[in-house]
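Report on the structure given below.
Every read-out reported here was derived from the displayed coordinates using simple, explicitly stated rules and does not represent laboratory data. Nothing here was measured: the structure is a model prediction, and the numbers come from that model. Cβ: placed from backbone, ideal geometry, glycine included. Neighbour counts: every protein chain shown.
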Amino acid sequence: MQKRAIRLITNSHYNAHTQPIFKSQNILKLCDLHKLQIHKFMFQYHQGNLPISLNSMFIQNYEIHNHVTRHRNDAHIQPRHTFQATQAIRHKGPKLWQNLSYDEKNNRTIHTFSRKIKQSMLNTY
């Protein structure tokens, strides 16, 4: 439905390839919008801006073991056995956060963080 809508908005051919259209219009696909929201949630978690009830959602790696690693301060990725569990924010959030670069993680505001993530997603199109 999203692809059909973007073709109608841009007056493109009914079977035109949509990736260049999304990129030219600076619009994220629905699955990428979902990932962006998870990224923003994890950014707020690491900044300590979430409500107290949500701060206890994740376990930090340093709480699991005492090894000094690069991801010591990141949320621990717990193994999951079902597909539904891997799609939950408890699993997907820390996994997406670990895949970000150091430059992307270290922003001061949610606005600049969101802009950088959106731009990097659009560059993959």
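Below are the figures for this structure:
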quantity: Mean residue ellipticity (222 nm) of the chain, computed from DSSP H runs ≥ 4 via -39,500 (n - 2.57), nearest 500; calculated: -16000 deg cm²/dmol
quantity: With Cα atoms, 0 to 90° folded angle of helix 110-123 axis to the chain main axis; calculated: 50
quantity: FRET efficiency, H111 to L54 (Cβ-Cβ, R0 25 Å, nearest 0.05); calculated: 0.75
quantity: 20 °C / 1.002 mPa s Stokes-Einstein diffusion coefficient of the range 1-71, Kirkwood radius on C-alpha pairs, µm²/s; calculated: 138
